[in-house]
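Working notes, structure below.
The values are calculated or read from the model by the stated rules, or taken from the named source; none is laboratory data. Since this is a predicted model, take the numbers as computed values, not measurements. As a convention, Cβ positions derive from the backbone with ideal geometry for all residues, glycine included, and neighbour counts pool all protein chains shown. All accessible areas refer to the heavy atoms of the entire protein, side chains included, with ligands and DNA or RNA removed. Shrake-Rupley method; radii C 1.70, N 1.55, O 1.52, S 1.80 Å.
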Amino acid sequence: MQSAANESLFGESFRPHLHFTPARNWINDPNGLLFYKGKYHLFYQHNPSGNLWGNMSWGHSVSTDLFHWEHLPVAIPCTDTEGIFSGSAVADINNTSGFGSTENPPLVAIYTVHQNDGTHQAQHIAYSLDEGITWTKYQNNPVLDLGMKDFRDPKVSWDAVNNRWLMVIAKPEEHKIAFFSSSNLKEWELLSDFGPLAATGGVWECPDLFALRDNNGETQWILIVSLNPGGITGGSGTQYFIGNWDGKTFSTNQKETLWLDHGRDNYAGVTFNGTHNDERIFLAWMSNWEYANDVPTHIWRGSMTIPRELAIISTGGTSKLVLKDSQQFKKLSRSPGIGNALQLPSEIHISTILKSFAIKFFDDQGKYIELAFDQVNNSLTLDRSHGWLAQSEEAQQHLPLLQQPESIQVIIDHGSIEISAEPHLGRVTSLHLLTGSQLQYELTNGNPEIKHETLFTTPQK
């Protein structure tokens, strides 16, 4: 949500209202996702000096509900020779690291330090004793160094079964995910490697490992791995594995590649540590490395997806990972839509009872994107070629469906569209370049029932 008091920053054509953006400059991967003392901490890859990739540092924002954000100073800055790449953050409640006390537990960030000459990556830590406002780098860094050129993106969480910290980290060029354990966040022991498997058309990055109970009450383990290039629709993409974690190794019987999103703009996503009641909230960078530098924004560049809740749905002997509306999203207030005008951001529900349809969303500049459902072939397609970068080689974003959905949910905002085939049949997340505070829509095929609501929220600071 953007502030009316900062029109020079937040009044730009493509600045989203519902999706997180930095106040200024470049962002990519979400980092250090942590819920602590009633606040969601979002750290992110950030260039404090410009709106192109470079000077990688950790930006920082906090929220009480995942939609209204307060922007804070840069948390962990780069140096002249080192970039601060992706990683995670934990609340060290038992003070295993010794950086704080049981009365004032430290927050600990675990991140990759990248040598700017491209020769080396290793894992470092920093700690905060004021709930993430200021950070002190550990004097004996690095805490994990394999002497590798590419070794990055540690996701650390507490393993309550074995009473230790667990790190999941990528060996990108080898298409492997490594697992390490530690008692104090300072010394790490290798447990095992996983991979290569499934999609290997690009480097593996930004892994995450966690357990979820499916709709039948069975516990299953999920390993998320981002891939660039080689995504299902070109460039960046996010795959996942469903399997078993025995405390040392991850194994799976999975044969096919499973994709979390069939759109072009859901990458490097990971989940929040510290959320309540086993809620697993997922947030990703809403862009693609094929064109991230070319998106025509100026004061800022880059945004995050809507925060979603992950769930496992098991039917007929197969399981899939799905992205659901989070409880935080469901709490947003709504106002009924009027006619064919969409006040952005809007939520649209399209009934598929009347079979195939096509619907065009367009602005007053002649740009449009088109969403189509083919009941005969049971597929959903988004064509943004008439509302996207002229120099981009565009392929239709295509979601095959195992059965006919009951409805299509569309969240459309300035610069983005997120589409879900309900219930639990898949998602397409995509950027667009339609402008204006309102869009029009028209049916170009079929006559489905369409209902839409405008999403209202308090502006972002």
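Observations on the structure shown:
- Cβ charges +1 (Lys, Arg) and -1 (Asp, Glu), total dipole of the chain, debye: 400 debye
- Sparsely packed trypsin sites (Lys or Arg not before Pro) within segment 9-93, loop by DSSP, other Cβ within 10 Å at most 16: K37
- Mean separation of Cα contacts under 8 Å, 6 or more apart, over the residue count of segment 149-262: relative contact order %: 18 percent
- Bridges between two residues of the chain, per DSSP, are antiparallel at a rate of about 95%.
- Packing-based order for 303-311, 341-349, using average beta carbon neighbours within 10 Å, highest first: 303-311, 341-349
- On full extension, the segment bounded by K255 and R164 gains 29.6 nm, given 0.36 nm per residue less the C-alpha separation.
- Considering helices alone, the calculated mean residue ellipticity of the chain at 222 nm is 0 deg cm²/dmol, with DSSP H runs of length four and up weighted by -39500 (n - 2.57) and normalised per residue.
- Using Cβ point charges alone (K and R +1, D and E -1), the dipole size of segment 228-309 about the Cα centre works out to roughly 100 debye.
- With all protein chains in place and ligands, DNA and RNA left out, the 1.4 Å accessible area ranks T257, T21 as T257, T21, largest first.
- Using the Cβ-Cβ distance between K37 and H68 with R0 set to 22 Å, the FRET efficiency works out to roughly 0.85.
- Between the C-alpha center of segment 387-432 and that of segment 59-96 there is a gap of 30 Å.
- Based on Cα contacts under 8 Å between residues 6+ apart, the chain shows a relative contact order of 14 percent.
- On a per residue basis, segment 7-135 carries 34 Å² of accessible surface, using protein heavy atoms and a 1.4 Å probe.
- Links that overshoot a 27 Å alpha carbon limit, given the list K320/K355; K37/K320; K171/K330; K367/K451; K155/K255; K149/K255: K37/K320; K171/K330; K149/K255
- Among the trypsin sites (Lys or Arg not before Pro) in segment 169-250, those placed in a DSSP loop whose Cβ has at most 16 other Cβ atoms within 10 Å are K248.
- Alpha-carbon centroid distance for the pair segment 215-252 / segment 180-199, whole angstrom: 15 Å
- Reachable aspartates and glutamates, given that their alpha-carbon falls under 15 Å from the alpha-carbon of K137 and they are not under 8 places away in the same chain: E82
- Sulfur and carbon atoms: percent of accessible area, the chain [1.4 Å]: 47 percent
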